[in-house]
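The values are calculated or read from the model by the stated rules, or taken from the named source; none is laboratory data. Quick caveat: nothing in here was measured; it's all calculated off a predicted structure. Here the Cβ is made from the backbone with ideal geometry for all residues, glycine too, and neighbour counts use every protein chain on show.
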Amino acid sequence: MRRLSALLLVSLLPFAAVGQSAPGNDAQARQWLQAAPTDHGDTNVVPLWRSSRGQWLTLSTDHSEVDGGGPMAFHGLAADNVFSSGLHYQLAPGVQAHADVSASSWVNHPTRLLGSEVGATYNSGRYSVGLSVGTNEVPQRTALPRVLPGAAPGVDGLSDFDSSAQLNARGRVALDSKTGIDLGASVGRIRLLPGNLLGVDTLDQKALSFGVDRGPVTGTLVGRTMQPLAGSAGGTLGADQRWTSIDLGVTWRLPWQGALSIGAQNLWSSGNAVNTPVGPEPDQSRTPYVQYHQDL
């Protein structure tokens, strides 16, 4: 699955060219625009194809660091630049499949974090459920940058993060036209770089998320548990060692295409991190943050 991100990104290139040529036929373009969704907040959606039976294919792009994501998404300490793109295909009324890729980068650091996700969603209008498989990786196999003073470089407090793979389940209930409740769950594995401070290759991770949105305001509570993969504990870890943390964040999407996020990573945590020469691993220190993002 390490090559999934690159393969998906390459597969999107020919569809991008088709999407750019669609407006050449004004009548057909207007028909597609009316038939397929085009407004997803900060996301741009280009209709590519539509059948007489109501099936359609769209290409979406998003250049933003504010993302609701799933429970395995990396919240709080966002990158300076996040770009995502994906194909969305409606198979039948209410049934949609998607393939998305994303890249996160930092202005003063060459490291990138690549992500990909393939899944399907059923939407009945008021209720929706979805399943997906996702991956994340650092292709340079180097530690991620320190993005805030006192915050450890890496992902989820792990300075030696290499890659991860996870199975996600998501559900949403719309209470009215402006309010909804989101639930999510994930199980996955995190792979660490060779020679890491914990002395293990793989960690199991489980996560649950609960979110409420009202108009432009979204609040999300995410709980995570990590422990060494059964049979792989060694070095400074015991087989039963486990870490649990809870993150809380609130995002307000502003009328001028900006977004303000306030929250804290490791608002509550339990378990004993391993002391290393560069600090505890994983880092469970409470880290409040305030972020502002503006689309230009």
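Annotations
- Annotation note: Cβ proximity below 6 Å between a residue of segment 187-199 that is without any contact (Cβ under 8 Å) to a residue 24 or more places away in the chain and a residue that is part of a strand (DSSP E or B) and not basic (Lys, Arg) (sequence gap 6+ or interchain) occurs for Val187/Leu167.
- Of all the listed residues (Ala174, Ala169, Ala185), the sole one being at pLDDT 90 or above, more than 23 Å from Pro288 (Cα to Cα) and over 20 Å from the mean Cα position of the chain (by Cα) is Ala174.
- The single condition among (1) touching a Pro at 6+ places or on another chain (Cβ under 8 Å); (2) more than 25 Å from Ser116 (Cβ to Cβ); (3) part of a strand (DSSP E or B) that Gln241 does not satisfy is (3).
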